[in-house]
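In what follows, a single structure is set out as structure tokens and then discussed.
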């Protein structure tokens with residue numbers, strides 16, 4: 001791959017699927033950079049999301065995340081990061097990024113209820129689901145107003161299909177899940 005590609009995708013868009021099916025993809029989650037889960041860090045990622053009662057803030061945030069993200073972008077993979085209002089700090093990082101193709105990906109507005117049901121089905125907490133309900137519109141507006149490339153996922157469309165539609169090359173195989 002000749003260019004660095006960073007995809008900021010709304011939760012539930014298919015980031016994990018990409019890493020499980022394409023060897024040149026890195027699913028780069030920020031939870032373990034932002035928070036310390038202490039004795040609960042062994043739980044699956046989906047069970048940790050939104051669990052404010054079991055986490056403390058990491059004092060190295062967001063610098064630890066930005067450094068790791070920079071390192072990951074150098075590995076010739078499509079790096080996929082979740083984007084929601086809980087990660088607005090990344091907008092500052094994006095302004096400083098050079099030589100990186102930045103793509104925002106979000107579902108179309110009509111998909112919100114289906115998206116919320118998928119969160120429930122995969123075991124996310126009620127707090128996480130409610131936060132997604134409350135921030136979807138704001139994220140949609142931030143993405144729409146950004147100067148970066150955008151891809152809107154049609155109803156029942158996979159993130160992989162949407163990325164291919166905008167010219168991102170994906171290579172079959174197993175990618176990387178960077179959950180520390």
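Read the figures in this text as sums done on the coordinates, not as results from a lab. The shown structure was predicted, so the numbers you read here are calculated from the model rather than taken from an experiment. In this analysis, Cβ positions are derived from the backbone assuming ideal geometry, glycine residues included, and neighbour counts consider all displayed protein chains.
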Separation of alpha-carbon centers, segment 73-89 and segment 1-57, rounded to whole Å: 9
Neighbour-count order for 177, 95, fewest beta carbons within 10 angstrom listed first: 95, 177
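Please work out whether segment 109-159 counts as rounded, prolate or oblate from its C-alpha gyration tensor, where a ≥ b ≥ c are the square roots of the eigenvalues and a/c under 1.5 means rounded, while otherwise a/b larger than b/c means prolate and anything else oblate?
Details: a/c = 2.54, a/b = 1.51, b/c = 1.68.
Oblate, since a/c reaches 1.5 and b/c is not below a/b.
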Cα shape, segment 4-178, gyration tensor, a/c 1.5 rule: rounded
